[in-house]
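The values are calculated or read from the model by the stated rules, or taken from the named source; none is laboratory data. Note that the coordinates shown come from a computational prediction; the quantities given were computed from them, not determined experimentally. Please note: Cβ atoms are built from the backbone with ideal geometry, for glycine as well, and neighbour counts cover all protein chains shown.
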């Protein structure tokens, strides 16, 4: 086995199974070992029924004493088994959902270790929900260990995947470490070869933390090396073809039905100064959701077109690209600006696509809006003179370079609605000048925020949502999980590191949608949305919601960016304790985009204390993303670890710029030292930041 061994060459993986792995971008052994767990299950020793905590997952050594007949409740078939604690004799009920066949494998007298969510009611009775059953010797071999959990495509068994991963970790070849041993010791980091294995099967919490710290450092280090070398190679490129300030943009600013904020005017003056100045623009436009970045992008594109050149705006989703195109087209029409825009996405096919490609090549199309389709080889620009990327944190360095590479020394403007504390922005965006929009348009009503326990608040919020729908409004409901898979584990997309480590309750899109459809009056249009859907299906649903054909969109975090629906006035976030503060703020930004009052409700599962999570109190007090970013940094604190999740920020897989701020600073200092000694430094084996997840 070597790093480039194809997965079909591994024992237990044939061509059909390899195709399932490829759906997750896993083609080689190296891909697989770098596919990190999304979470872990800790298998504690069995406890007595009297010692178990309500709402927590626990293991019990039980003997089956009886069972009910299978019965139906709503759409669910249930069966109760009755059991006694082998050691104490205490009794409890075991409940299984949609598993009527379980009785055959667990007849009376069967002794097993059952592990599941434990509930204790006020009358003293106890129930164990949907537990896994193990033979005593089988569980003993697992006790006091961490079992990794992975996000898997349909068709792949979790048990089989773990078995394959064990094989890969055992046989994975030695890889030369990028860090000399002396430096690694000074930085207090584990060897790479140990870390890449231990992240999958840590022997204890300490090893899990150490292995993750090493891999997070590597992600930051390779990223920082790339952007620092890029900056050093480019320096401040001279602008050989400066643009000329245009009266068109000035007249447009004066004609707009609203007045640009002071922050917007400052930012546009900085952008205009870059485009007309002596050096090629490389600027970050950072502004909170709703702060007015889009109109500044349009003004920059119009200035470029007024100079007889071409500008391109790349959005992270087709829906957002289509919405940008619709808004720009209306702007050009209303103010009679004689420029030709075009939309280029993966959905544009056949003759229409060829016509657009020809117009771009000939220069008859001056403004191009699209997705990743803008950087395909077949797209040739006559005179690309401005590149704008929307939602900067969704694109990696390589993608920005690919679009900018379509022209010579092309000015770049990257936009981000992810507020980042200035100390971290200086490190991450060292290759960019920064413009900040720190004012909100005066016509925007601030979002009203409320957080409460799910047990107390869900019914009230559902009634409120229905009242809003009757008034012609729409609503989002956010769940952290997609569905329950056949192993009765949650398949989810939320950033679960923030959850109470003992908490296992999680709302999922599939079940939640069904419950809402059953509870809400007939005719209420409720639709699910999640990342496992095919791109065309996701686009169709988001377009239907944007068009007002869906009343309630029950979704995972896929709507965090890429959809703009001014008519949506309510967002309900379930299991808010499972999301980071900045992520909750980003989600909240999907409402409050119109003239009507908007609301965001954060429901949380009560922990042992029953207290509201601190970060939810922060969200209730302020809508200021930059203030929230600073609070996020304080509340998480460097080094916190509540599971492993792919963050997606800037293409990082494990690293989180808030949680790992101390490691980011350490990596930046080390990268600067390495490059000062060797400006041509390169990572061994061609390793680099992996941007495939974006």
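In segment 246-253 there is no residue that is within 20 Å of residue 416 (Cβ to Cβ) and out of contact with any helix residue (DSSP H, G or I) (no Cβ under 9 Å at 6 or more places or on another chain). Could you count how many residues in segment 444-478 are modelled with pLDDT under 95, crowded, with 16+ Cβ neighbours inside 10 Å and part of a loop (DSSP other than H, G, I, E, B)? Qualifying residue count, segment 444-478: 2. Could you list, in sequence order, all residues of segment 130-171 that are in a helix (DSSP H, G or I), touching a residue at least 40 places away in the same chain (Cβ under 8 Å) and in contact with a helix residue (DSSP H, G or I) (Cβ under 9 Å, 6 or more places away or on another chain)? Scanning segment 130-171 gives 160, 164, 165, 168, 169, 171.
Against the conditions (1) in contact with a helix residue (DSSP H, G or I) (Cβ under 6 Å, 6 or more places away or on another chain); (2) on the phi < 0 side of the Ramachandran plot; (3) in contact (Cβ under 8 Å) with a residue 40 or more places away in the chain, residue 189 satisfies every one except (3).
Residues 204, 190: which one is surrounded by 18 or more Cβ atoms within 10 Å (Cβ to Cβ) and over 25 Å from the mean Cα position of the chain (by Cα)? When all the criteria are applied, what remains is 190. Among the residues of segment 85-94, just one is surrounded by 19 or more Cβ atoms within 10 Å (Cβ to Cβ) and out of contact with any helix residue (DSSP H, G or I) (no Cβ under 6 Å at 6 or more places or on another chain), namely 94.
For residue 644, the criteria (1) at pLDDT below 80; (2) surrounded by fewer than 16 Cβ atoms within 10 Å (Cβ to Cβ); (3) under 30 Å from residue 449 (Cβ atoms) hold in every case but one, which is (2). Residues that are assigned by TED's automatic domain parsing to the domain that holds residue 388, surrounded by fewer than 21 Cβ atoms within 10 Å (Cβ to Cβ) and over 22 Å from residue 545 (Cβ atoms) do occur in segment 316-331.
Within segment 412-433, being within 24 Å of the chain's Cα centre (by Cα), under 20 Å from residue 275 (Cβ atoms) and modelled with pLDDT of 75 or more holds for 413, 414, 415, 416.
Checking the condition under 30 Å from residue 15 (Cα atoms), modelled with pLDDT under 90 and not assigned by TED's automatic domain parsing to the domain that holds residue 30, which residue from 159, 149 passes?
Details: 159 fails: not assigned by TED's automatic domain parsing to the domain that holds residue 30.
Answer to the check: 149.
The listed residues are 199, 225, and the only one of them that is closer than 25 Å to residue 4 by Cβ and modelled with pLDDT under 90 turns out to be 225. For segment 172-182, a residue qualifies if it is farther than 14 Å from residue 198 by Cβ and either surrounded by 17 or more Cβ atoms within 10 Å (Cβ to Cβ) or in contact with a helix residue (DSSP H, G or I) (Cβ under 9 Å, 6 or more places away or on another chain) (or both), and the qualifying residues are 173, 174, 175, 176, 177, 178, 179. Residue 168 fulfils the conditions (1) surrounded by fewer than 16 Cβ atoms within 10 Å (Cβ to Cβ); (2) within 19 Å of residue 202 (Cβ to Cβ) except for a single criterion, (1). Here residue 602 fits the description: within 20 Å of the chain's Cα centre (by Cα) and either modelled with pLDDT of 85 or more or crowded, with 22+ Cβ neighbours inside 10 Å (or both).
Checked against the criterion of being in a helix (DSSP H, G or I), assigned by TED's automatic domain parsing to the domain that holds residue 428 and touching a residue at least 24 places away in the same chain (Cβ under 8 Å), segment 345-360 has at least one qualifying residue.
Kindly indicate whether residue 291 is in a loop (DSSP other than H, G, I, E, B) and in contact (Cβ under 8 Å) with a residue 24 or more places away in the chain.
Against the criterion (in a loop (DSSP other than H, G, I, E, B) and in contact (Cβ under 8 Å) with a residue 24 or more places away in the chain), residue 291 qualifies.
Which residues, counting only those in segment 8-54, are more than 30 Å from residue 120 (Cβ to Cβ), without any contact (Cβ under 8 Å) to a residue 60 or more places away in the chain and in a helix (DSSP H, G or I)? Break it down stepwise before answering.
Restricting attention to segment 8-54, the residues satisfying the condition of being more than 30 Å from residue 120 (Cβ to Cβ) are 8-37.
Going one step further and asking which of them are without any contact (Cβ under 8 Å) to a residue 60 or more places away in the chain, we end up with 8-9, 14-16, 18-19, 22, 26-28, 30-31.
Residues satisfying the conditions are 8, 9, 15, 16, 18, 19, 22, 30, 31.
Where helices (runs of 4 or more DSSP H) fall wholly inside segment 175-276, the ranges with 2 or more residues that are under 29 Å from residue 437 (Cβ atoms) and in contact with a strand residue (DSSP E or B) (Cβ under 6 Å, 6 or more places away or on another chain) are 262-276.
In segment 549-559 there is at least one residue that is surrounded by fewer than 23 Cβ atoms within 10 Å (Cβ to Cβ) and outside any loop (DSSP other than H, G, I, E, B). Of all residues in segment 262-288, those being in contact (Cβ under 8 Å) with a residue 40 or more places away in the chain and either in contact with a helix residue (DSSP H, G or I) (Cβ under 9 Å, 6 or more places away or on another chain) or surrounded by fewer than 15 Cβ atoms within 10 Å (Cβ to Cβ) (or both) number 15. Filtered by the rule that a residue be part of a strand (DSSP E or B) and surrounded by fewer than 16 Cβ atoms within 10 Å (Cβ to Cβ), segment 66-79 gives 66, 71, 72, 73, 76, 77. Determine if segment 368-376 includes at least one residue that is over 16 Å from residue 410 (Cβ atoms) and assigned to a loop (DSSP other than H, G, I, E, B). Yes, the conditions are met somewhere in segment 368-376. One residue is enough: does segment 94-102 have a residue meeting the conditions under 24 Å from residue 205 (Cα atoms) and either assigned to a helix (DSSP H, G or I) or modelled with pLDDT of 90 or more (or both)? So far as segment 94-102 goes, no, none of its residues is under 24 Å from residue 205 (Cα atoms) and either assigned to a helix (DSSP H, G or I) or modelled with pLDDT of 90 or more (or both).
Restricting attention to segment 103-129, the residues that are over 17 Å from residue 65 (Cα atoms), touching a strand residue (DSSP E or B) at 6+ places or on another chain (Cβ under 9 Å) and part of a loop (DSSP other than H, G, I, E, B) total 1.
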